[in-house]
Each structure stands twice: as structure tokens, then as C-alpha cells.
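The values are calculated or read from the model by the stated rules, or taken from the named source; none is laboratory data. The structure displayed is predicted, hence computed values, not measured ones. Using ideal geometry, Cβ is built from the backbone for each residue, glycine included, and neighbour counts are taken over all protein chains shown.
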Amino acid sequence: MDVEKDYYAVLSVSPFASQKQIKHAYYRLARRYHPDSREVDTPTSLFHEIQEAYAVLSDPSSRRDYDRQCDAHRRARRGPLAWSILLSRKTLDTAHEEQVLYALLEIAPSVPPEDNRLPLDLALVIDCSTSMKGHRLKNVKEAARQIIDELHDEDTLAIISFNDRAEVVLSDRVGGTRAHAKAGITALRAEGGTEILQGLRIGLREVTAHLRPGVLGHVVLLTDGRTYGDDEGCIAAAERAGGRDIAITALGIGDDWNDDLLDQMASRSGGTSAYIASPGQVRSLLQKTVRGLGSVYATGLSLTVRGAEGVSVENAFRISPALERVYSPDGAMRLGTLAVDTPVKVLLAVAVDRRPPGEHPLLELELTGDIPSLDRHEETLKHVVRCAFVDDAPNGGGDDVPPALLSALGKITLYRMQERAWSALAEGRVEQATRQLEMMATRLLDIGEVQLARSAMLEAKHIAEKEGSTDQGRKEIKYGTRSLDIGSEAYD
Amino acid sequence: MIECPSCGRKHRPGTLFCSECGIYLPTGGPLGTEPIPNRDLPAGKASAWNNEPDREGVRRSNAALQMRIASSGRQIQLPVGEDFQIGRLDAAHGIFPDLDLTPDGGLKGGVSRRHCKIYQNDGDYYVEDLGSANGTFLDGERLTPYLPHILQDGDTLQLGRIALDITIRQ
């Protein structure tokens, strides 16, 4: 038995293959590659390899040994990425037709590097429409000037102002142009309407022009309004940006912007979106964003999950660094970047059908990502999630659930409740929306989140009376639940 | 299938949170009022007969009642002329008390969702326990549920373990 060899690949079968499938695969290959066979002219070493693979995999107990040793081997072989996988249950019950299993993945650098900062290729796309006049633009200008001091000389910065059309204020290397950039920001004026696509398109063009291997491309969009008629164009542009590893951070100021659009742009590109309730928060949020970019370790993280027969992934959320639904039915989920100091956490909800007693492989997880500072590309981690089925398994929950998984799931549950409330409201089911928000308020009170609970109660009352939500309440609740920090002790 | 103890929705085995009401299914969520052991509560019982208003010939029709929650220091001014319910908010069951003691440690302190009410009648303030699990105490004596007792300046009300100091000003 040699754990360096992938016996499943040799026999061209999946790790979920049944003993019967393995046997069939072996017969087919053996007939083809047998030294006596005239069918093809291949070295006999290949035939020996097939025999060796079959010898190990045909016997369930030696197959189990091999699987176990492979897992250990993969763990021991230290690549630049490491992960841990926690399951909500240690054993599943053979009696149930279908049951639910949760898995929490935590991805981190295996050895945190000392100096890792990648040169940044940043575009600040600033909404300069009439509604930005006054406090909003003043705060954005201050924040942008401060960012210039935080950037390194080798970074490039593009500043784009937009209203009905976009203008490149500056697009250059930061070193030597700081004074010029600050003057450009100071001269920004607010007038005209809001057409996000205009600004976004130019921002992406500038970032792309400066992009080189080993450089981190990023667009920060700051807006306070709704865009007119170009929503789909914005989402398509974000999708293309994501394909080139350029993530978009979308920051919405005040209450009038379109949260659905900004959320979509962020998640399609592997970035994040955030709500800035008062202009005074622009500075800290923009600073946090740029500092976060400075600690990026891996880019283009993507997770592919394949279920064995009768096992299906029903939902997937990234929980850290920011809560985002990452589920996609075809399996490849875009997780964005991994920072040195903040692990990426993903929660999977999985439905499993009935199985006989014994250990069964359920999921095959494959994570890929680039580590630009180490010049490693398409770095891959693989893991097969296995679970034992027994008669009369403990019914899940209670003390067995890992605390980290519990608090992640608690947070997602609250986030989903408000999502359901908004979609009920959109379908005109006012009573349902009100009830969801009220129940959410109760849960929030249970865990001591009084402020957010109050927002949910107020919003429920408003919806019941006016049959519609308020922009402010909706955003407070949505972005408030997203940034909740729930300890597992809340469910003791 | 497992059933949510709060809303009755059915879930597949292994589900941890009710998608409908958000409750943690294995424990039923931190919802119900736990009974507090007797030794943690005052032992006396208020006499329902010792309930004569102390008028001294003065009608206190404009008296204002203020209370201070000892555990959190929060101060509440009672609105004049209305029933004032004290308890813990539970939106799922439609319980919205005028004073919600959840932020003051109400759940741990054994406060029921509908614990007691205070109201004004003929210039005097009365407190009435609403059949709470852990009782309402007036100066250390447990009130008989649903029987009003008069409140006076300087009294201490205790709901489960949560103490409220009463001030009544003319």
C-alpha cells in the first residue's frame, strides 16, 4: 500500500464507488492492459499498478485502511493552505429516510507568513451625484485622503468620480503622486444623477490596465443612491471582474441605495458589501477595507463539493470574513480571498439518505486557490467526509455539536429569518413577513441583542401598519444580523 | 421527523435550528421561565387583608410612580392612568409587556413573560401578580396571584430575583 498513489484515479473511479463498481472498473481495465492482450501497446508497469490498486480497494477493510492513511498523509503534507472540517454529528442513524448533517470548514494559511503584503492595484469609484452633497462627500473625501497615506509607494491607485458619467481623476503609482491625488480628491464636487455602471466600468478598466501577476486588483465602490436601468450591466461587470480575480467592495452610504444590487456585485466578484449608516463611519470602514487588502494571503479561493449518491448539498454560506450565501448548484463556490489573520469559514447543510450500518463516504471537498506571495497557483486541498451509520444513534444536537459550528449556524438562522421576511413581503404576504420579524426579535432578545431586536420589532410594526418596509430598518436588520457575533453559549 | 417545540413545524432529523421561528431545537431554545429553587426566594406571604389604603385624608391623584431596576440601574417613569404590564417580551407568542425585563437579566432572574401589572385606582397605585412562575414579592412577602396590593413610596418589589425600587412623588 502506497499512500503517495491515488488508487481511485488509477482505476478511474470516484472515492464513493461501491465495491461492485470497483470490480467492474478493474475487469474493464485489466482486459485492456493485460500483457497478453494485443489490444494496446502499453508498458506492463501500468498493468501492475492496476493490479496493485485493485488488491487494496477490492477488500473493504484494506480499502478503509488506505483511505485513513491517505487522509493522514494529506494532513501531514503541509501545503500553504490548511483546513479543518467539523461535523454536527459523529454518527448518523440508520433508521431515518433522510437526515441533515452540517459541516463547518475553516480555512487558514498553514504557516502564517511574516511579510506577505502584495502590491495593491486599487480603484476608488466615488459617487459624486447631487445626493452626496454636504456631509457625505465631505466624509468620503476625508476618508479617501487618509487612504492615500496608508497605501505603499509601489501600489497603484485610480480615483474615479461618477454621476451620469464617469471621470478618471487620477490613475497612477502611489509613490510620488500623493499630493496630486489628494488635490484631485479635494476638488471633487457633487452634481448630477447616479449611474453606477459608468463608474464601475472605468474603475475596472483602470485596475485591469495596471494588473500584473502577484498584484492584488480591487475596486472599492462608494455610493448613496440607486442606479437607473443599468443593474444587470453592473452584475455582469462584477461577474467578469470576479473571473479575473478582481473583487469589488461595495459600500452603501445612508438608506436609499439598492442593497440587492450591491450585495450581488460583491458576491459575484468575491468581495463584500457593507452598510454605512452615518457618514462619519466612512473613514473607519474604508480604512478597514484597505488594511484587509494588505493582509491578503490567498486569492481566487474556490470550493467544489461533490456528494455521493443520495447525498446533496442544500445550502452553503461563507461565515467569515463576512456572511454571504455562496451556494451554487453546480458545485464550484467562489469564496474570495483569505487574509493572514482571519480564517475563511464555510458552513454546508447536507441532506443524507438512508444507508446501512458502517462507515460511508458522503462528500468530496476540493479547495483551490492561488498564493501570489509564494508564486503558487491552483494550490489544491482534497478531503473526503466520511460518517458512520449506526442503529439508534444519539439524535443529534446537545453536547455533541462543536461550539464553533453551533454559533455559525445560529447566525445563519437569524440571517435567513430576515431574508424570508423580505421575500414574504415582496410576495405580498404581509402577515408572514411581520411574524418572521417578530420571531426574529424574540431570538435576538434571547441572545441579548437588544438594539437589533428593537429594530426588528419597529420594522415589524411598520410593515403591519403600512404594508411595506423602511429602507433604514431593512438595512439595519440585514447588515446587523450579518455582522452579529454570537457565542455558542447562547444555546446552552 | 422532529417537531419544533415552539411553532410545531416539522424538520428532518439532525436539523439544529427551526427555520420558521429560529429556535435551537435540541433544547427548545432559551425560552421558558425556569422555576427558581424555593430557598432563593423570600419565604413570607403577604396578607390579602392588610390591604387598606393609607390615605391620611390626602388624595394623591397626581402622584407619579417611578421605579429603579436594581440589577441594571435602569429607571422607569410610569405613564399616568394606564395599566402597566411587566414581564419579558415574546413576540412569537404575542406578549409585549410595557416593561420588558429581558435586558436587565429577566430570563436568568426568573421573570415570567406576563409577570405582574401596576395600575392606578382612585389616586393609589396597586400591584397585581399575574400568576407568575416565581412570584411577585412586596417588601419580602409573596403576593397572592391576581390579588391587588397597594404600593407605597419606598417599597421594594421583587419579580423572581429582579428587584424594583419604587418611588412615589406627589
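Residues are listed down the side, and each one gets a yes or a no for (1) closer than 17 Å to residue B:163 by Cβ; (2) touching a Pro at 6+ places or on another chain (Cβ under 8 Å); (3) surrounded by 17 or more Cβ atoms within 10 Å (Cβ to Cβ):
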position: B:91; (1), (2), (3): no, no, yes
position: B:95; (1), (2), (3): no, no, no
position: B:106; (1), (2), (3): yes, no, yes
position: B:109; (1), (2), (3): yes, no, yes
position: B:115; (1), (2), (3): yes, yes, yes
position: B:123; (1), (2), (3): no, no, no
position: B:128; (1), (2), (3): no, yes, yes
position: B:138; (1), (2), (3): yes, no, yes
Working only within region B:84-131, note down all residues that are in contact (Cβ under 8 Å) with a residue 60 or more places away in the chain, on the phi < 0 side of the Ramachandran plot and not β-branched (Val, Ile, Thr). B:92, B:101, B:107, B:112, B:113, B:124, B:125
Inspect region A:415-438 for any residue being farther than 30 Å from residue A:65 by Cβ and touching a strand residue (DSSP E or B) at 6+ places or on another chain (Cβ under 6 Å) and give the result as yes or no. no
So, in region A:397-437, how many residues would count as being at the interface with chain B (Cβ under 9 Å from one of its Cβ atoms) and touching a Gly at 6+ places or on another chain (Cβ under 8 Å)? 3
Extreme residue, surrounded by the fewest Cβ atoms within 10 Å (Cβ to Cβ), among residues of region A:445-462 that are more than 9 Å from chain B (Cβ to nearest Cβ) and part of a helix (DSSP H, G or I): A:451
Just a yes or no: is a residue in region A:198-212 of a type outside the set (Lys, Arg), surrounded by fewer than 20 Cβ atoms within 10 Å (Cβ to Cβ) and within 30 Å of residue A:345 (Cβ to Cβ)? yes
Any idea how many residues of region A:54-98 are within 13 Å of chain B (Cβ to nearest Cβ), exposed (fewer than 15 other Cβ atoms within 10 Å of the Cβ) and touching a helix residue (DSSP H, G or I) at 6+ places or on another chain (Cβ under 7 Å)? 1
Restricted to region A:127-150 and to residues being more than 13 Å from residue A:283 (Cα to Cα) and touching a Gly at 6+ places or on another chain (Cβ under 9 Å), the residue surrounded by the fewest Cβ atoms within 10 Å (Cβ to Cβ) is A:130
Based on this model, can you work out whether residue A:329 counts as under 30 Å from residue A:93 (Cα atoms) and surrounded by fewer than 16 Cβ atoms within 10 Å (Cβ to Cβ)? yes
Take region B:1-40 and flag every residue that is modelled with pLDDT under 60 and among the hydrophobic types (A, V, I, L, M, F, W, C). B:31, B:36
For region A:463-490, how many residues meet the condition of being over 14 Å from residue A:449 (Cβ atoms), within 14 Å of chain B (Cβ to nearest Cβ) and either touching a strand residue (DSSP E or B) at 6+ places or on another chain (Cβ under 9 Å) or modelled with pLDDT of 90 or more (or both)? 1
